[in-house]
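A quick write-up on the structure given underneath.
The values are calculated or read from the model by the stated rules, or taken from the named source; none is laboratory data. On a predicted model such as this, the values are computed, not experimentally measured, just so you know. Using ideal geometry, Cβ is built from the backbone for each residue, glycine included, and neighbour counts are taken over all protein chains shown. Only protein heavy atoms, including side chains, enter the accessible area calculation; ligands, DNA and RNA are left aside. Shrake-Rupley method; radii C 1.70, N 1.55, O 1.52, S 1.80 Å.
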Amino acid sequence: MEKVLYIHGLGSSPKPAKLDLIRKHAEVVALHLDYEQDVDSYKKLVALAKSESVRALIGSSLGGLISYHIAENMGLPCLLFNPALYREVPEVYGMSIEQRSCPRRIIVQGALDDIVDPKRVQDILEKDSRPECVQEILVNNQMGHQIDLKHFEHYVNIFFNSIL
């Protein structure tokens with residue numbers, strides 16, 4: 001069974017119910033990190049992705065930003081929920097994109113998100129788009145920044161159906 005790395009958002013943790021939904025499709029690995037206290041969070045997640053030979057990434061908010069970077073550098077498909085792509089945190093965590101090799105990316109944005117501006121994220125994604133990466137932006141008009149289990153499961157199913 002393939003392995004997937006799940007990366008939670010700022011002030012959050014890997015929720016067991018969400019991990020169980022991912023486990024319907026793949027083995028899941030995850031760390032509970034305090035991003036504000038641990039500036040080595042990104043390095044730890046990269047090391048985990050490599051040591052566990054993960055085949056895909058799922059991330060939310062700050063975890064979406066981190067997943068975006070890892071997916072590009074490692075050539076992995078990713079599912080990003082409300083990724084905080086315009087936040088000025090990459091330098092703090094030592095994040096950089098050394099190569100652009102993500103083959104498939106699905107971005108789920110809540111139109112009611114009051115934490116991560118969907119329009120700013122879409123502008124970045126459009127600017128960074130390239131033919132080698134199949135990119136799909138899905139906007140949910142009923143969703144805010146938080147992702148309930150029903151929506152999480154729906155988009156996880158879409159993601160795995162698109163990469164299998």
Which of the following residues is more than 25 Å from Ile158 (Cβ to Cβ), open to solvent by less than 10 Å² (accessible area, probe 1.4 Å), touching a helix residue (DSSP H, G or I) at 6+ places or on another chain (Cβ under 7 Å) and of a type in the set (S, T, N, Q): Ser96, Ser41? Ser41
In this structure, is Asp114 surrounded by fewer than 16 Cβ atoms within 10 Å (Cβ to Cβ) and either among the charged types (D, E, K, R) or over 13 Å from the mean Cα position of the chain (by Cα) (or both)? yes
Does Arg55 meet the test of being free of Cβ contacts under 8 Å to residues at least 40 places away in the same chain, basic (Lys, Arg) and either touching a Ser or Thr at 6+ places or on another chain (Cβ under 9 Å) or within 22 Å of Val134 (Cβ to Cβ) (or both)? no
Search region 1-24 for residues that are in contact (Cβ under 8 Å) with a residue 60 or more places away in the chain and buried (at least 21 other Cβ atoms within 10 Å of the Cβ) and pair each with any residue that is part of a helix (DSSP H, G or I) and among the polar types (S, T, N, Q) when their beta-carbon atoms are under 8 Å apart and the residues are at least 6 apart or on different chains. Leu5/Ser67; Ile7/Ser67
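One line per residue, one yes/no per condition, for (1) among the hydrophobic types (A, V, I, L, M, F, W, C); (2) under 16 Å from the mean Cα position of the chain (by Cα); (3) not in a helix (DSSP H, G or I):
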| site | (1), (2), (3) |
| --- | --- |
| Cys102 | yes, yes, yes |
| Gln109 | no, yes, yes |
| Ile137 | yes, yes, yes |
| Tyr155 | no, yes, no |
Could you say whether any residue in region 56-68 is on the phi < 0 side of the Ramachandran plot and open to solvent by 20 Å² or more (accessible area, probe 1.4 Å)? no
Out of all the residues in region 57-80, which are touching a helix residue (DSSP H, G or I) at 6+ places or on another chain (Cβ under 8 Å) and either within 20 Å of Ser12 (Cβ to Cβ) or of a type outside the set (A, V, I, L, M) (or both)? Leu57, Ile58, Gly59, Leu65, Ile66, His69, Ile70, Asn73, Pro77, Cys78, Leu79, Leu80
Quick check on my filter: what residues within region 111-132 are part of a loop (DSSP other than H, G, I, E, B) and in contact (Cβ under 8 Å) with a residue 12 or more places away in the chain? Ala111, Leu112, Asp113, Asp114, Ile115, Val116, Asp117, Arg130, Glu132
